[in-house]
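Okay, so here's the structure we're looking at.
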Amino acid sequence: GAGVSQSPSNKVTEKGKDVELRCDPISGHTALYWYRQRLGQGLEFLIYFQGNSAPDKSGLPSDRFSAERTGESVSTLTIQRTQQEDSAVYLCASSSPRGRLPIYGYTFGSGTRLTVV
Amino acid sequence: GIQVEQSPPDLILQEGANSTLRCNFSDSVNNLQWFHQNPWGQLINLFYIPSGTKQNGRLSATTVATERYSLLYISSSQTTDSGVYFCAVGVGGTSYGKLTFGQGTILTVHP
């Protein structure tokens with residue numbers, strides 16, 4: 001697509017429930033990233049995909065968080081047994097490897113605002 | 001890990017004024033990007049600038065990689081420039097493309 005698409009845009013869930021967040025990257029972008037932004041804070045790295053492999057999962061906060069990607073397409077971030085501290089905006093970005101395009105920059109989606117009540 | 005410090009944390013301007021935002025980082029980088037987050041939360045990539053100088057309209061950026069800092073210049077500011085400006089850096093290796101973000105500079109431009 002023309003941009004990075006994330007769904008849902010907003011999600012309110014009860015503590016203890018599982019949630020699944022979706023990201024559709026720009027077509028042709030092989031790299032995909034998930035970040036988390038708490039209210040008034042900067043962005044925290046969660047996980048990076050190159051194709052469908054994840055060379056860096058170092059930012060996932062706990063084993064309740066997992067992510068997968070289908071080929072060079074859609075990615076889903078799953079949070080199990082949600083806690084109130086998981087409330088944040090979850091942002092997805094995609095980019096292409098250096099050399100594939102003149103400018104190696106991120107394009108972000110609009111994010112999913114997750115509220116755990 | 002690498003540390004990224006942005007200054008000033010807050011900046012208030014009158015429309016038409018110029019400003020300079022600074023980003024200091026603690027290690028060598030091979031990726032540096034500036035982003036603007038508008039009041040609705042959308043992050044827009046302004047520059048990919050691991051070194052050198054670039055200009056795009058009223059915005060320009062300079063990165064001096066050997067001295068570990070980058071500057072973002074905003075000239076003739078407009079109310080639509082309001083928002084948060086983030087600097088983000090990457091060090092490559094197995095996480096090529098992964099960025100570490102600074103805490104941002106909150107810019108408010110008054111008419």
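The values are calculated or read from the model by the stated rules, or taken from the named source; none is laboratory data. Everything numeric here is computed off the predicted structure, so don't read it as measured data. For neighbour counting, all protein chains shown are included, and Cβ atoms are generated from backbone atoms with ideal geometry for every residue, glycine included. With ligands, DNA and RNA removed, areas are computed over all heavy atoms of the protein, side chains included. Shrake-Rupley method; radii C 1.70, N 1.55, O 1.52, S 1.80 Å.
Structure notes:
- Annotated for the protein assembly as shown: lysine pairs at least 8 residues apart or interchain, Cα distance under 28 Å, count 6.
- Max mean-square fluctuation residue, GNM over chain A, Cα-Cα springs under 10 Å, options A:S27, A:S58, A:S75: A:S58
- Residues with amide H under 5 Å from that of B:F47, placed H, sequence gap 5 or more: B:W34
- The residues of the stretch B:10-111 have, on average, 45 Å² of accessible surface per residue, using a 1.4 Å probe with all protein chains present.
- Surface accessible to a 1.4 Å probe, B:L59 within the full protein complex, Å²: 30
- Using a simple spin-label model with pseudo-atoms 7 Å out from Cα toward Cβ, B:Q3 and A:S53 lie 3.4 nm apart.
- Considering the stretch B:4-110 at the alpha-carbon level, its Rg and Dmax are found to be 13.3, 44 Å.
- Shielding by other protein chains, A:35-46, mean Cβ within 10 Å: 4
- Using a 1.4 Å probe over protein heavy atoms, the accessible area lost on pairing A with B, summed over both chains, comes to approximately 1700 Å².
- Rolled with a 1.4 Å probe across the full set of protein chains, the surface gives B:T80 an accessible area near 100 Å².
- Close amide H pairs (under 5 Å, H built 1.01 Å from N) link A:R64 with no residue at least 5 positions away or on another chain.
- Kirkwood hydrodynamic radius of the stretch A:5-103, Cα pairs, Å: 14.0
- When nucleic acids and ligands are ignored and a 1.4 Å probe is applied, A:D63 ends up with an accessible area of around 130 Å².
- Only beta bridges with both residues in chain A are counted; by DSSP, about 85 percent of them are antiparallel.
- With all protein chains in place and a 1.4 Å probe, the accessible surface of the protein assembly as shown carries 48 percent carbon and sulfur.
- Each Lys and Arg adds +1 at its Cβ and each Asp and Glu adds -1 at its Cβ; summed about the Cα centre, the stretch A:5-103 shows a dipole of about 120 debye.
- Within a Gaussian network of chain A (alpha carbon springs, distance under 10 Å), most fluctuating of A:V12, A:V74, A:V89: A:V12
- Shown for the protein assembly as shown is the translational diffusion coefficient from the Stokes-Einstein equation, using the Kirkwood radius over Cα pairs, a temperature of 4 °C and a viscosity of 1.567 mPa s: 72 µm²/s.
- For the peptide B:22-31, the mean number of other protein chain Cβ atoms found within 10 angstrom of a residue's Cβ is 1.
- Mean Cα-pair separation over length for chain B, i.e. relative contact order, pairs under 8 Å, 6 or more apart, %: 37
- Based on protein heavy atoms only, chain A ends up with 47 Å² per residue of surface accessible to a 1.4 Å probe.
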